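The structure under discussion appears below in the form of structure tokens.
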Amino acid sequence: MAEDLDLTKVEQIIGEVGEEEGGLIPVLQKAQDVFGYLPREVLQSIADRLGVSLTKVYGVATFYSQFHLTPRGRHIIQQCDGTACHVRGAARIIETVERELGIKAGETSSALTLWTNAVRPARASRWSALVAPPPAPPRWTFPVTWRW
């Protein structure tokens, strides 16, 4: 994948966003929009251009959950695994999704079409376990209940 990266885009991003102090997060956000995720080569290019250590850039990119260091699928399945969802069967839902799709939570399908993730807490999870299926908008969820 590294051979496909056009690192001149990093220069354009920093030119648009600027190099001022506190600009690292907007640069990372824009870079992720352009590349789809933040590969090591892009992080290194950002660090070099901003004059900060790769460790600092990596630290920010791994601290915030909005950033991803590996490619994600076009469609995202988010499954609630908070306490309320857990007691209402979230583990069985997660296991079923993993078995049916052949990917574990946090993984991407080989065709880069699906990415699944367990999240906590999800909205309205006090009523039942929740799943946001593809191609749902990111804030849309529906309850899933299991009959025992």
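The values are calculated or read from the model by the stated rules, or taken from the named source; none is laboratory data. Note that the coordinates shown come from a computational prediction; the quantities given were computed from them, not determined experimentally. Glycine gets a Cβ as well: all are built from the backbone with ideal geometry, and neighbour counts include every protein chain shown.
Step by step: first the residues of the stretch 70-93, then only those that are of a type in the set (D, E, K, R) and under 11 Å from TRP115 (Cα atoms), then the one that is farthest from the chain's Cα centre (by Cα). Which residue is that?
Going residue by residue through the stretch 70-93, those that are of a type in the set (D, E, K, R) are 72, 74, 81, 88, 92.
Those left that are additionally under 11 Å from TRP115 (Cα atoms): 72, 74.
Working: ARG72: 7, ARG74: 11 Å.
Step by step, filter the stretch 70-93, then rank; the result is ARG74.
Please give the helices (runs of 4 or more DSSP H) falling wholly within the stretch 53-148 in which 1 or more residues are closer than 18 Å to GLY36 by Cβ, of a type outside the set (Val, Ile, Thr) and modelled with pLDDT of 80 or more.
Helices (runs of 4 or more DSSP H) meeting the threshold: 54-63.
The residues in the stretch 43-55 that are in contact (Cβ under 8 Å) with a residue 12 or more places away in the chain, β-branched (Val, Ile, Thr) and more than 28 Å from GLY73 (Cβ to Cβ) can be counted, and the count is 1. Is it the case that ARG72 is in contact (Cβ under 8 Å) with a residue 40 or more places away in the chain and surrounded by 13 or more Cβ atoms within 10 Å (Cβ to Cβ)? The answer is yes for ARG72. From GLU20, GLU16, grab the single residue that is part of a helix (DSSP H, G or I) and outside the structural domain of ILE103 (by TED's automatic domain parsing). Just a single option satisfies the conditions, and that option is GLU16. Scanning the stretch 14-42 for residues that are farther than 15 Å from PHE63 by Cβ and either touching a residue at least 24 places away in the same chain (Cβ under 8 Å) or of a type in the set (Lys, Arg) (or both) turns up ILE14, GLU19, GLY23, LYS30, VAL34, PHE35, GLY36, TYR37, PRO39, ARG40, GLU41, VAL42. Could you tell me whether ALA111 is over 30 Å from THR8 (Cβ atoms), out of contact with any helix residue (DSSP H, G or I) (no Cβ under 7 Å at 6 or more places or on another chain) and surrounded by fewer than 17 Cβ atoms within 10 Å (Cβ to Cβ)? Criteria not met by ALA111. Consider the stretch 1-45 and keep the residues that are within 17 Å of the chain's Cα centre (by Cα) and of a type in the set (A, V, I, L, M). The one that is surrounded by the fewest Cβ atoms within 10 Å (Cβ to Cβ) is VAL34.
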